[in-house]
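One structure below.
What follows is calculated from the coordinates using simple rules that are stated; it is not laboratory data. Since the model is a prediction, treat every value here as computed from it, not as a measurement. Methodologically, a virtual Cβ is constructed for each residue, glycine included, from the backbone with ideal geometry; neighbour enumeration extends over all protein chains shown.
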Amino acid sequence: MARDLEIDLLRALVAVAGNESFTQAAAFLGRTQSAVSMQIKRLEEIVGLRLFERTKKSVKITPEGETLLVYAHRMLRMNDEALSRLIAPDADGLVRLGAPDDYATCLLPSVLASFSAAHPLVRLEVTCDNGVDLLELLNDGKLDLVLATHPVTSIAGEVIRREPLHWVASPGFAHDDSEPLPLILFSQGCVCREIALRALDSMDVAWRIAYSTRSIALIRNAVENRSGVTVMEASTIPAEFEVLDGKNGFPALQDVVISLHRPSGDETPATAMAADHLTRELKTMRV
């Protein structure tokens, strides 16, 4: 007897895997936790495999679940693209999106590509800058959507991701403790920069700014050349970099959130579709 993978069940799989929590997945899907648990149970019955290992404190996807997750992302993307082309085939217009350079480089390429595939008549224009400056442009009507970073203690906008913040350096980086710690950071106005400097000051660690830039490419290049230490959100750390948390007295850093900010007035259909797409994709993205 043929067995079919149902779209709703695959959406539940992606949500639970992305959030590593049935509770958070349920909130994202607009369902109860028990309903999401039943969906995962039904999916496990269909494939005849265990997809998650559950404990009281954690939810971890199994190797079999990881394999299915790859296909789930593809199938959901095709499903959403097909529906979008049928429901709003003539949607057009310009959507001006603001995002920090690291998000534009690390998180957005595949997300924006899938949106363009579903809505080929919508033109996307991406502006990269610090969140503070981007929000000013949004308020002035010069942008339609903005992705911005906020401390967990001062959340604004619609939260779509929570990101741990880490100290990062190139493997082999060495620092003379008698000298101020060289830092490679985004320019003033960057939330991650402010969190890092406050953490160092709270531990009476001497520091100096070796590089201050708005370019993630320049930050990566300086780190690769062992010019100093930086801070990065977990989803933006290159695999070849070393996480320094807990080493050599580096202080703990609080998490940050990535929020989507929308205009206060009416949205165009294209902007609304882009906002929904960004929210859905970034909430469930595993980097």
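Where only DSSP H runs of four or more residues are counted, the chain gives -13500 deg cm²/dmol as its mean residue ellipticity at 222 nm, each run worth -39500 (n - 2.57). Distances between every pair of Cα atoms in region 7-86, grouped in 5 Å steps from 0 to the bin holding the largest one, split as 3, 16, 27, 26, 17, 7, 3, 1, 0 percent. Among 50-63, 262-275, the peptide with the highest mean count of other Cβ atoms within 10 Å heads the list, and the full ranking is 262-275, 50-63. Residues of region 244-287 with backbone nitrogen within less than 18 Å of a virtual label 7 Å along the Cα-to-Cβ line of GLU66, please, listed as ranges. Counting only backbone N, you get 285-287.
As a proxy for reagent exposure, CYS192, CYS128 were ordered by neighbouring Cβ count within 10 angstrom, fewest first; the result is CYS128, CYS192.
For region 92-100, 3J(HN,Hα) computed residue by residue from phi via the Karplus equation (6.51, -1.76, 1.60; θ = phi - 60°) reads 8, x, 10, 10, 9, 10, x, 7, x Hz, glycine and proline entered as x. Between amide H atoms placed 1.01 Å from N, distances below 5 Å from LEU244 occur with TRP167, VAL168, ALA169, all of them 5 or more places distant or on a separate chain. For region 56-73, 3J(HN,Hα) computed residue by residue from phi via the Karplus equation (6.51, -1.76, 1.60; θ = phi - 60°) reads 5, 10, 8, 10, 10, 6, 7, x, 5, x, 4, 4, 5, 4, 4, 5, 4, 4 Hz, glycine and proline entered as x.
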